[in-house]
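Colleague: Handing you a structure now.
No value in this document is a laboratory result; all are computed from the given coordinates. What you are looking at is a predicted structure, and each value in this text was computed from that prediction instead of being measured. Methodologically, a virtual Cβ is constructed for each residue, glycine included, from the backbone with ideal geometry; neighbour enumeration extends over all protein chains shown.
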Amino acid sequence: MLLLKYLSKLLKELSSEAEPSQLAGGFILGMIIGLTPIMSFHNLIIVVLILVLKVNIGMALLSFTVFSGVAYLADPGFHAFGVWMLEHDGLQSLWTSIYDNEWWAMTRFYNTVVLGSFVSALLLCVPMFPLTIYLIKNYRTHIHARVQKTKLMQALKGSKIYSFYQTVNKVRG
Amino acid sequence: MRIKGIILIAIIIGIGFGLNLFFTNSWLKNKIEYNASVVNEAKVEFDGFDFSLFQLKLSWDRLQVTNPSNTMTNTFETGATEFKMEFWPLLWKKVIVENVQLMGFQLDTERETDGYFEMPEIDEEPGFFSELTSQISGEIAKNAQTQLDEIKTSVNVDSLLAKMDLQAAHKMDSLKTGLEQNYSKWEDTFKDNPIEKNVAEIKKSVEGLEVPKLKNPKEAIAALEDVKKLAEQAKKLKTETEQLKKDFEQDFNSTTSGVGQIDGWIKDDIASAVSVAKLPDFDVQNIGSALFGGNLLGDFNTYIEYLAVAREYGSRFMSSEEEEKIERYEGKNYEFSDKYDWPGLWLKKIELSGRTNTQIDLSGLITNISSNQKKTGYPILIDIGGSDKNNVSLSVKSELNYLGAEPKENVEVVYDGFSLNKAKISPSKLLPYDLKAGKGEISASINLINRKINSEMSYKAKGIVFDFESEGKPKNKIEGVLRDAISDVDMVYATAIVDGTSDKLNIKVRSNIDDLFVNALKNTVQKEVDAAKKKIEAKVTEEVAAKRKEVEKYASEKEAQLRAEYDRIEASVNEQLQKVEEKREELEKKKKELEDSVKGAIKKKIGIDF
């Protein structure tokens, strides 16, 4: 029900209500969690950020789901990237100094997949944040109306689950 | 900022705090109690257990460790104890404790409830320690059988043998049955074998060849060919006969080997009769074992059991803890220093103070208890000691070292100065006397390197005076002899030495009164014992003599009979071989004669000499 609520809200906010930057923020934060191993210290911070900042939680959930699948395929690449970074001669003194700091060590940066995926995710944030904003704006102006008319959307709106959710939503106010 | 989000986080933290408050204590207590009980093989219980997640502090009011051999007592218990765990290692799931103060340590305390613990089934191969304790237990059981106090110096041999079932007679019966079956088999084999039939055929063929009737060389050559075939058949028969002999000898030897064992069977019966008659073997080792073996080796086994637990858990953690299984795409961890290379558990220092049940004030240190010594770089060291107001002292020093390739354990225990007043120095009925005075010392030194053991356990009783009066007059001759022998003894020491490996373990128990006892016994009752032994030997030999004669006679007669049968067959084959050879020579001669006559006729007719 919670997932449905956030997805429904996402659909609504995609149309016009939310700031595109809030949606894009949720998208990239969810992407980071999705791409990196979930039981990592940095993901705890990102979850807190998602809850505290005014980013779209539905978008974060969607992004997390999509990028978890991507990560499964990309993990060997993340591992190789992590190995390259951790074995890079020029970075050895940096790694050694932060390894001796317990707070940094808690992030498990010394794990090839954690480091590789996290740095990759951060690098992806740079193009993905403006790209998401651009796509949302384009969606609102060019695609949204057509999506509403699609058979899938009509079917979804006509489904019992959707009407039940709408009823519950009204009762809750 | 989203206010709802902040509230949600606050709620999650609150729930976490509540769960810790209500569930961590009992969960952790149960888990520690269960695992410790499995190690101890009896209940380990905490009272007033408390774990504070925020202070990282563990404390209890009382810890009881049940004695697995007597579950109504504790091996030891402690009073209020409190210690803190280091913060950062906990985040790496490692428990590191700098200092534990175990106050109110007490040995051998009574329990209010039974400390029996139902052990989970563990399918383990018997290892070095179980082999060791099993051999020691065997030695203790053997000592228990050496009841020198029940020995006799004379014996009624007839009534003794009437009670006994002499095994040699049964074994000889079985041997004879086996011989009968075997001989019968060979009789049939000789009777039914085709060799004799074939010999008869060859004989007939050879006799059918009438050499004088041959008229020309062609007939002679044909007859020679026949003879050659007969010679081959005869040789084949010879080979078959030899094989038959070989099989017979082999089978016969294995069957008759039992006859050679008869002496051994009779000796076993004699030894058994001597044992039943309780005629002793007055050997120094026997006396020492009978007097002190049970106690010394029993204590030794107790120490070994503790060391077995130490090694089992030391080795188990060493081998399994750091096995890093990398699942697919879990990545690889790099280590840039050894800063986080902690063992799973490391109690760096335990300061212990308390009192034994004999009121010795104990204090000492146990250092570096860890689940992986290779990570700490330190072995476990135990140094505990103390004394009471009467200078009775106890000292326990130990090193449990699993740093190298071979596990090493060393334990030194000394308990000295305790009073022996009204005590007995041996549970044996040979020394039934209480002591009027004396001080005791028990010491143990055990060194183990992997499967090698080098150890010594000893008892010393100093300044002793035996209370012979309370026991009254000696109950038998031996007791009297022994009493005289030790009447002037004021110090007794006994030592058990166990060394070697579990495959070849040497166990010796000696005491200073062994020689006294042996000499006293040899000078008095040894001759009577020897005479009784000879009587038994003669009687047992006589009892089985008739049976022995019968079996040996049967075996030799049957052997002679079968060998004669075989010799007959062999002779007939050899005879035919000889006849065939003679026939061949006769034919060769005849052939030459006929050829010569043909050549003479040709020369006569055409004048050419071939």
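Colleague: Rounded, prolate or oblate: which one fits segment B:353-466, using the alpha carbon gyration tensor with axes a ≥ b ≥ c (rounded when a/c is under 1.5, else prolate when a/b beats b/c, else oblate)?
Modeller: oblate
Colleague: Moving on to the next point. Looking at segment B:163-215 from every direction and averaging, what is the projected area of its Cα convex hull in nm²?
Modeller: 4.9 nm²
Colleague: Working from Cα positions, state the angle (0 to 90°, nearest 10) between the long axis of helix B:262-276 and the longest principal axis of chain B.
Modeller: 30 degrees
Colleague: Return the FRET efficiency for the residue pair B:GLU219, B:THR189: r is the Cβ-Cβ distance, R0 is 45 Å, and the value is rounded to the nearest 0.05.
Modeller: It comes out at approximately 0.60.
Colleague: Let me ask something else. May I ask you to compute the full-extension gain from B:LEU8 to B:ALA571, defined as 0.36 nm times their residue separation minus their alpha-carbon distance, rounded to one decimal in nm?
Modeller: Net length gain for the segment: 191.3 nm.
Colleague: Oh, and also: Express in whole angstrom the spacing between the alpha-carbon centres of segment B:433-450 and segment B:381-398.
Modeller: About 14 Å separates the Cα centre of segment B:433-450 from the one of segment B:381-398.
Colleague: Averaged across the residues of B:55-68, what count of C-beta atoms belonging to other chains lies within 10 Å of each residue's C-beta?
Modeller: 0
Colleague: Follow-up. Answer with one residue from A:VAL114, B:PHE49, A:LEU14: the one whose Cα lies farthest towards the positive end of the charge dipole of the protein assembly as shown, charges on Cβ with Lys, Arg +1 and Asp, Glu -1.
Modeller: Of the listed residues, the answer is A:LEU14.
Colleague: Could you work out Rg/(2.2 N^0.38 Å) for segment B:526-610, with Rg from alpha carbons only?
Modeller: In units of the globular-protein estimate, segment B:526-610 measures up at 2.96.
Colleague: Taking each residue of A:31-38 in turn, how many C-beta atoms of other protein chains fall within 10 Å of its C-beta, and what is the average?
Modeller: Taking the mean over all residues of the peptide, I get 0.
Colleague: Can you give the three extents of the C-alpha atoms in segment B:1-134 along their principal axes, from longest to shortest, in whole Å?
Modeller: The Cα atoms of segment B:1-134 stretch 72, 37, 29 Å along the principal axes, largest first.
Colleague: Give me the number: length gained by fully extending B:ALA437 to B:SER275, i.e. 0.36 nm times residue separation minus the C-alpha to C-alpha distance, one decimal in nm.
Modeller: Gain on stretching B:ALA437 to B:SER275: 54.6 nm.
Colleague: How would segment A:21-165 be classified by its alpha-carbon gyration tensor: rounded, prolate or oblate, with rounded meaning a/c under 1.5 and the a/b versus b/c comparison settling the rest?
Modeller: Because a/c hits 1.5 or more and a/b exceeds b/c, segment A:21-165 counts as prolate.
Colleague: Further question: Between segment B:349-371 and segment B:560-585, what's the alpha-carbon centroid distance in Å?
Modeller: Comparing the Cα centres of segment B:349-371 and segment B:560-585, I get a distance of 93 Å.
Colleague: Which whole number of Å³ per residue matches the convex hull of the alpha-carbon atoms in chain B?
Modeller: Residue-normalised Cα hull volume stands at 351 Å³.
Colleague: What does the helix-only formula give at 222 nm for chain B: each DSSP H stretch with n ≥ 4 adding -39500 (n - 2.57), the total divided by the residues, and the result rounded to the nearest 500 deg cm²/dmol?
Modeller: Theoretical 222 nm ellipticity from helices: -17000 deg cm²/dmol.
Colleague: Another question about this same structure. Would you list which lysines come within 29 Å of A:LYS137, measuring only between C-alpha atoms, while excluding same-chain residues fewer than 8 positions from it?
Modeller: Counting by Cα, and skipping residues close in sequence, A:LYS137 has these lysines nearby: A:LYS5, A:LYS9, A:LYS12, A:LYS54, A:LYS149, A:LYS151, A:LYS157, A:LYS170, B:LYS4.
Colleague: Average projected area of the Cα convex hull of segment A:87-146, in nm²?
Modeller: Reported value for the Cα convex hull: 6.1 nm².
Colleague: What is the order of B:THR78, B:THR109, B:THR356, A:THR150, fewest Cβ neighbours within 10 Å to most?
Modeller: With the fewest neighbours first, B:THR78, B:THR109, B:THR356, A:THR150 line up as A:THR150, B:THR109, B:THR356, B:THR78.
Colleague: Let me ask something else about it. Express in nm, to one decimal, how much length is gained between B:TYR378 and B:LYS267 on full extension, taking 0.36 nm for each residue of separation and deducting their alpha carbon distance.
Modeller: 34.2 nm
Colleague: Which whole number gives the average, over all residues in B:6-19, of C-beta atoms from other chains lying within 10 Å of the residue C-beta?
Modeller: Mean number of neighbouring Cβ atoms from other chains: 1.
Colleague: If we sort B:197-207, A:138-148, A:50-60 on the protection proxy, mean other Cβ atoms within 10 Å, highest first, what's the order?
Modeller: Order by mean packing, descending: A:50-60, B:197-207, A:138-148.
Colleague: Report the label-to-label distance for B:LYS348 and B:SER556 in nanometres (one decimal), using points 7 Å from each Cα along the Cα→Cβ vector.
Modeller: So the two model labels end up 8.8 nm from each other.
Colleague: For the protein assembly as shown, what number results from the quotient of the Cα radius of gyration and 2.2 N^0.38 Å?
Modeller: 1.75
Colleague: Sorted from largest to smallest, which semi-axis lengths in Å does the alpha carbon gyration tensor of segment B:403-506 give for its equivalent ellipsoid, taking the root of 5 times each eigenvalue?
Modeller: Values for segment B:403-506, descending: 36, 17, 8 Å.
Colleague: Something else now. Does anyone have the angle between helix B:167-192 and the longest principal axis of chain B? Alpha-carbon axes, 0 to 90°, nearest 10?
Modeller: 30 degrees
Colleague: Note the angle between two axes, namely the Cα long axis of helix B:25-40 and the longest principal axis of the Cα atoms of chain B, as a number of degrees from 0 to 90, rounded to the nearest 10.
Modeller: Computed tilt is about 40 degrees.
Colleague: Whole Å is fine, so just give me how far the alpha carbon centre of segment B:237-266 lies from that of segment A:46-106.
Modeller: Taking the Cα centre of segment A:46-106 as reference, the centre of segment B:237-266 is 85 Å away.
Colleague: What list of ³J(HN,Hα) values in whole Hz, one per residue of segment B:79-84 in order, does the Karplus curve 6.51 cos²θ - 1.76 cosθ + 1.60 (θ = phi - 60°) give from phi, with Gly and Pro shown as x?
Modeller: x, 4, 9, 8, 8, 10
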